[in-house]
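Below is one structure, written out as structure tokens; comments come after it.
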Amino acid sequence: MGSLEWPTSVWNWIRGLGPIGLLLLGIADSGPFVDAPPGSVDTFLILLCAGSRELWALYALMATMGEVIGGYVTYRIAQKGGQETLEKKVGKARAEKVYKNFEKHGLIMVFGGAVAPPPFPFTPIPMAAGIMQYPPKKFFLALAAGRSVRFFTEALLGRTYGRQMITFFSSHYQAATYALIAVAVLAGIGAVVYFKHTRARKKVGEPVSK
């Protein structure tokens, strides 16, 4: 494969990260200790999928796993007393708003936040989930589902349109990121609507079609 429109040293370094690099970067991106540059996981994922198309699913899986691990660590730490940390991070007024919204729409906030592209600040969501004692299983499943939708969509697009995307990203990074996630967001909304509709029908005892 010919070299992409990047300096050879930079491209070799990115390729050298490989799946393990994406895993570690994902942990840092969603974890409570290190702030990775916004969009770094998305960028590296697309670049790696463009360079090694046959590994696109592995790259997507590793990015998803890293983000889920980091988010779950943040959630667990916040469960044991993260209210003060969150209020320092985003301000007390904003934290109170997050708590209120989370109490009403916890599932949608976790799933939607996991799908949303940068520069959306995701870290306050797992922190709020832990503080509010949101059920661990629901949090884990919503986070894993949202990140999977986002990263598998990006990886597939990176595998198919990698060269064109890299060229576009170089001058329209934020617009490109939102364009890549648009399909994932629509899919996520559809999944949440279906889930809530199915749950409501179960509560009233209606049969749920398969």
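Structure summary
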{"item": "Flag for residue 36 being assigned to a helix (DSSP H, G or I), among the small types (Gly, Ala, Ser) and within 23 Å of residue 142 (Cβ to Cβ)", "result": "no"}
{"item": "Some residue of segment 83-97 being modelled with pLDDT under 90 and part of a loop (DSSP other than H, G, I, E, B)", "result": "yes"}
{"item": "Selected residue [part of a helix (DSSP H, G or I) and at pLDDT 85 or above] from 16, 66", "result": "66"}
{"item": "Pairs with Cβ under 7 Å, 6+ apart, first in segment 35-51 and under 16 Å from residue 67 (Cα atoms), second of a type in the set (S, T, N, Q)", "result": "39/177; 42/177"}
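The values are calculated or read from the model by the stated rules, or taken from the named source; none is laboratory data. Just so we're clear, the structure is a prediction, and the values are computed from it rather than from any experiment. So basically every Cβ, Gly included, is an ideal-geometry build from the backbone, and we count neighbours across all protein chains shown.
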